[in-house]
Structure formats: C-alpha cells, structure tokens
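Peer 1: Please see the structure below; I have some questions.
Taken together, the values in this text are just the output of simple stated rules run on the coordinates, not laboratory data. Keep in mind that what you see is a predicted model, and the values were worked out from it rather than measured. Here the Cβ positions follow ideal geometry from the backbone for every residue, glycine too, while neighbour counts run over all protein chains shown.
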Amino acid sequence: MAENKDNLSKNEVTAPDEVTQSSIENTEHSDALSSFLERETSDVMNKKDDNKKPKKLSKNAMWFLIAAVAVVLITALIVILVALPSEKDQADLDPGTPLSLSVDENGEHQAEVILNSKGKLDNNSYGTLIEYTPSQISKIEVENSSGNFTILAQTPVTVNEETGEEETDATIYTLVGFEDINLATGGPDTIANDVASLTFNSVADPVGDKSADFGFDKPRATVKTTYTDDTTATIIVGNEAPSQAGTYVMFGDSKVVYVVSNDAVDGLLFSVLDLVSLEINTAAANTENAEFESLSLSGEAYSTTIELRPNDDKAIDTSYKMIAPKKMFVSEVEAANITGAIRGLTASEAICVNPSSSQLSEYGLSTPYAELSAVYPDTSVNLKLSKPSDDMVYIIGDSNIIYSIEASKVPWVYTTLDKLTPDTVIDPNFESLSQIEVTDSSGTYVFDITTSTESVENTDGALEDVSSTTATYNGKKLDSDNFYVFYQNICAMENAGKANDSGSGSVALEIKLSYSTGRATDTVTVYSTGNTKYVATLNGNVQSLVYKSYCTKFSQCVQDLIMGKTVGSF
C-alpha cells in the first residue's frame with residue numbers, strides 16, 4: 001500500500017502539465033456549457049416576464065450615469081478649491097491699520113498708529129479706536145457749537161427668576177439740569193451709540209502736524225465719555241472731508257487725524273433742543289379723563305374771556321355750554337375743534353428751553369395772543385400761543401419749553417363767540433320733554449307728552465329698556481310719527497347769523513319747552529324785524545337770527561299736526 005502511494009505521488013509529480021491542462025480544458029468546457037444554458041434560460045424568462053418587470057439599465061448606461069455624477073462632484077470640488085484663498089491671497093488680505101491701544105494712568109483710552117522706520121504708515125486702512133456697548137456708559141459730556149450739556153446713563157440689571165441670569169433693561173438717560181424735561185426717543189441713544197464704539201475708515205494725517213487743516217483749531221465738538229469700568233475716552237470732531245468722504249476726528253490725546261463715516265459722529269453735533277421731546281403734553285390715559293371739567297380762553301384773540309363747561313343737563317342734547325361772557329349752549333363743531341386740540345399735542349420744532357423774559361418777548365409769549373387753561377380729572381393744562389403767522393405759532397406749556405406748531409393744530413386760536421354759537425337755537429332731548437306750548441299769530445297750542453319705559457327681552461335674551469312716547473292735544477292722542485317730525489322741526493330752528501338787535505319787535509313765534517327731568521322751562525322767542533331774518537332769544541338771551549320763512553312753515557306745521565295731516569319735515 002505504501003508502494004502504491006509512493007508511485008501515485010511520483011506519477012503526480014512527473015506529469016503535472018498534462019493533468020493541469022486537462023483539468024483546465026474540462027473546466028472551461030463545463031463553464032461555457034453552464035453559461036450557455038443559464039443565458040438561454042435567462043433569455044426565455046426575460047421574454048416571458050417582459051411585461052411584468054422594469055427593464056434594468058445596461059452596463060453602458062450605468063457607467064455613463066456614474067461618470068456624469070463623478071464629473072459633477074469633481075467640478076464642484078474644483079470650484080470650492082478655486083474659491084479658497086491661496087497662501088498668497090491670505091497674505092494679501094487687509095489686516096487694517098496697525099494700532100497701539102492703551103489706557104493711560106488717568107484711565108483715559110489712547111490710540112496711536114504704528115509707523116515704519118521712515119515715519120510712514122505701511123497700511124493706511126481701517127481700524128477700531130474703542131469698542132464698548134451703550135449699556136457700559138455712565139456719563140457723556142458734550143461741548144459743541146450749540147453749547148454744553150451732560151447726559152447721565154443708567155442701565156438697570158435684573159435677575160431672571162427662571163434662569164437666575166442677569167439681564168439688562170433699556171438704558172435710562174437723564175439730561176443734567178433738565179431732569180423734568182421729557183427727552184426725544186432715540187436722541188440720547190444716537191449719542192451713546194456714537195461714543196460707545198468708534199471705527200475709522202482711513203487715516204488722514206498719521207503725524208497730526210496739520211490738524212488745523214482739518215478743522216481742529218475750532219473743533220465742532222469735543223465729547224468725553226465715562227464708562228462703567230471708570231475709564232474715559234475723548235472724541236474731537238473736526239470738519240467734514242471733501243466729496244462726502246466722511247468726517248475728521250481725533251481720539252484721546254493723540255494728534256492723529258482719522259476719517260470716520262458721517263453718521264458715526266452725527267449725534268455729537270446735537271444740541272439740547274435736538275434731545276427734547278416734541279410732545280408738548282400727553283393725551284388722556286383713558287376716556288374718563290378726556291373731558292375737561294372747566295375751560296377758559298383769554299387773550300387778544302378773543303373779545304373777552306370765554307368760559308366753557310360740559311353740559312351736564314341731559315334734557316338738552318348738547319355736549320358743552322358757555323357760562324361767560326353769556327350763557328348759551330355751544331356749537332358741537334366748534335366745541336370739537338377746541339376739545340380735540342388741548343391734550344396730546346406734538347410740536348414741529350423745539351425752539352427754546354427754560355426761556356428768559358427777553359426770549360418770551362421775542363417769541364410773542366410774554367403777553368400771549370391766546371391763552372387756554374383747562375382742568376381735567378387727572379391734570380391741568382395751560383397753553384400760551386403767539387399770534388399766528390403763515391399758519392405757524394409759538395407755543396409754551398407747563399414744561400417751560402417754547403415750541404413751534406402749526407396753527408391748524410390748535411384751532412382754538414381762531415375761535416370767536418360767533419363760531420361758538422350753536423347751529424340751532426335749541427336741541428331738547430325728545431324723551432325728556434313733558435310739554436310743548438306754541439304761540440303764534442293764530443293762537444296758543446299746548447301738547448302734553450308722556451314717555452314710559454319698560455324692560456324688553458332682546459334677541460340675545462337680555463333685558464333692555466325701551467321707551468315709548470305719547471303726545472296729546474286737548475286730550476286727543478296724536479299720531480306718533482307726525483309728532484316726532486314736529487319735534488324735529490323745533491330742533492331745526494337754524495342759526496342764520498349774528499343778531500345785533502336785542503329783540504324788541506313784535507313776537508312772531510314763541511315755543512315753551514317743559515321737561516320731566518326737573519330742568520326749568522326753556523322759552524324760545526322770535527321777534528319780527530320787518531325783514532327776512534328775525535331775532536331769536538333763549539330765556540331772554542339773544543341767540544341768533546332765524547329766517548322769517550321758518551316761522552311761517554312752523555305755524556303751518558302746528559296746524560297740520562292738530563288736524564291729523566302729514567307734517568312735513570324741514
């Protein structure tokens with residue numbers, strides 16, 4: 001057995017090429033046959049299922065798709081690589097003007113440009129001289145062509161109860177010496193933003209030996225700022241650069257001249273008047289305080305002092321009444337012009353703060369052309385106006401600031417007694433009447449009126465009061481629609497002009513109105529004058545002229561009412 005095994009081994013060793021070649025040929029033959037059979041089977045199956053399966057991409061199509069995606073990716077990569085700056089490009093980026101920033105022994109911020117060995121700037125470019133936030137400012141002292149003023153800044157810090165972190169509130173600014181004056185929104189903020197951070201665009205004079213050429217012999221502003229870390233900074237503003245290139249500034253003790261954008265230092269040129277709010281007074285916080293309790297108008301604009309009060313008598317449908325120089329109800333239109341122009345006024349410009357007597361005289365306010373005093377539930381308002389010129393007036397109120405304002409915004413400067421006279425002689429409330437007595441050339445007619453009120457359930461199920469009025473003449477009930485038109489015709493007794501006559505002619509018409517509210521009877525008397533307009537009085541006081549034709553039509557209206565005819569409306 002061992003011998004046979006050795007022989008076998010010898011045979012395998014002595015004829016390797018023959019065995020290998022035969023095996024390869026047999027294997028290739030077998031693989032080819034298998035491949036052929038598989039291909040044939042696959043072709044048959046593909047034809048059989050041709051309508052059931054989606055076609056697969058060919059190898060060529062697949063390679064084409066892969067190649068296209070690769071091209072896109074490579075292109076994108078190239079674009080990114082091209083966009084990235086090279087080492088040379090990175091070296092060429094502008095690093096800005098080399099600066100040396102410091103705080104001196106006095107706590108003041110200083111800045112110096114760094115020059116080369118030749119005393120020149122290697123890079124004349126941008127830079128930042130100081131960088132804080134407005135909340136880090138405690139005081140700003142401004143000196144400019146308009147004068148000197150100091151602003152104190154305080155930024156409250158509160159602790160968030162949920163996070164326990166500190167949060168800063170809005171900064172509160174106070175103008176020293178003018179603590180009672182409201183400041184304009186944004187004014188102090190503009191100054192604070194200018195001094196909190198200052199960036200320049202270029203260096204105009206790196207040595208500073210020609211500072212006078214840039215306006216620093218007479219600077220437009222010098223501003224010193226104190227920050228919450230007790231350091232300070234000084235900014236000096238010179239002239240504007242040519243061609244709107246900016247504004248020249250110097251910083252700290254250095255004489256180097258920088259160019260900054262104009263809006264970087266515009267607030268440093270503000271005056272006190274630029275900081276004052278143009279809100280002359282505030283509007284009422286709620287409707288309960290919107291109506292005055294008393295009002296007076298005095299001054300050269302009026303022939304005499306005019307006193308107005310709200311009409312608290314509900315029997316008369318009028319908002320205001322006059323108690324001086326005579327007693328009468330007031331025109332709704334003219335009253336609205338006055339009452340709507342007292343509170344919540346906004347000026348066009350602030351002219352002078354805390355004016356002297358000479359300044360009051362200069363602006364026509366030492367002896368005001370018109371003066372208004374009004375008392376409200378929550379405050380009192382006092383306003384003084386100069387004489388209007390080109391629809392502008394100077395005005396001063398309780399804040400002791402002289403403003404200019406359009407005269408059309410304070411129309412009470414133009415009011416007169418004639419304008420205050422109501423459009424109609426009287427306007428009684430219909431539901432308050434208890435009797436109307438009319439006397440004309442044909443006789444006297446008395447109409448009794450009863451108004452009842454009952455609670456009625458509305459569509460929402462809630463109860464509401466509904467009034468119904470019944471009128472009778474000699475015990476006979478009158479048509480309610482006709483009577484209401486008759487009542488409206490009384491209210492339509494139109495003011496036809498100012499009456500110079502005291503009403504001494506014969507009586508053409510008299511109407512007496514009695515009320516269920518307790519108001520005394522009102523008597524309207526119309527006197528004949530012999531022309532087309534008669535004189536009307538109310539309770540003996542001359543009201544206005546009324547047309548003769550009104551009296552004629554009203555007498556006919558009375559006759560139509562008592563006879564049951566349709567009463568025509570005026």
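Peer 1: Taking Rh as the Kirkwood radius computed over C-alpha pairs, what is the Stokes-Einstein D of region 196-296 at 37 °C in a medium of viscosity 0.692 mPa s, expressed in µm² per second?
Peer 2: Roughly 199 µm²/s, to the nearest whole number.
Peer 1: Please state, as a whole number in µm²/s, the translational diffusion coefficient that the Stokes-Einstein equation yields for region 287-420 at 20 °C and 1.002 mPa s, with Rh defined as the Kirkwood radius across alpha carbon pairs.
Peer 2: It diffuses with D of about 140 µm²/s by this estimate.
Peer 1: Could you tell me how many cubic angstrom of Cα convex hull volume region 449-490 has per residue?
Peer 2: 92 Å³
Peer 1: Please report, in cubic angstrom per residue, the volume enclosed by the convex hull of the alpha-carbon atoms of region 430-562.
Peer 2: Numbers: hull volume 17.0 nm³, N = 133.
Taking only Cα atoms, region 430-562 has a hull volume of 128 Å³ per residue.
Peer 1: Let me ask something else about it. Once all Cα-Cα distances of region 144-258 are split into 10 Å bins that start at 0, what whole-number percent is in each one?
Peer 2: 11, 35, 29, 17, 6, 1
Peer 1: Got a sec to turn the phi values of region 324-334 into Karplus ³J(HN,Hα) couplings, 6.51 cos²θ - 1.76 cosθ + 1.60 with θ = phi - 60°, whole Hz, x for Gly and Pro?
Peer 2: In residue order, the calculated couplings are 7, x, 9, 9, 6, 6, 10, 3, 4, 5, 5 Hz.
Peer 1: What nm distance separates the two modelled labels at residue 552 and residue 120, each placed 7 Å from Cα along Cα→Cβ?
Peer 2: 10.5 nm
Peer 1: To continue, here is another question. Quick one: which residues, 5+ away or cross-chain, put their amide H under 5 Å from the amide H of residue 426? H built at 1.01 Å from N.
Peer 2: Residues meeting the criterion, in which the H sits 1.01 Å from N, are 493.
Peer 1: Any chance you could check the Cα centroid distance between region 238-311 and region 162-190 for me, in angstrom?
Peer 2: Taking the Cα centre of region 162-190 as reference, the centre of region 238-311 is 17 Å away.
Peer 1: Taking the highest mean first, how do the peptides 247-259, 447-459, 171-183, 334-346 order by number of other beta carbon atoms within 10 angstrom per residue?
Peer 2: With the highest mean Cβ count within 10 Å placed first, the list reads 247-259, 334-346, 171-183, 447-459.
Peer 1: Right, next: Give the relative contact order (percent, whole number) for region 287-420; include only Cα pairs under 8 Å separated by 6+ residues. Display every interim value, and only then the final one.
Peer 2: Details: 253 pairs, mean separation 35.0, N = 134.
Averaging sequence separation for qualifying contacts and normalising by length gives 26 percent for region 287-420.
Peer 1: Mind ranking 292-304, 270-282 by how tightly packed they are, going by the mean number of other C-beta atoms within 10 angstrom, highest first?
Peer 2: 270-282, 292-304
Peer 1: Counting only residues 5 or more places away or on other chains, whose amide H sits under 5 Å from the amide H of residue 103 once H atoms are built in the peptide plane?
Peer 2: Sorted by chain and number, the residues that satisfy this are 110.
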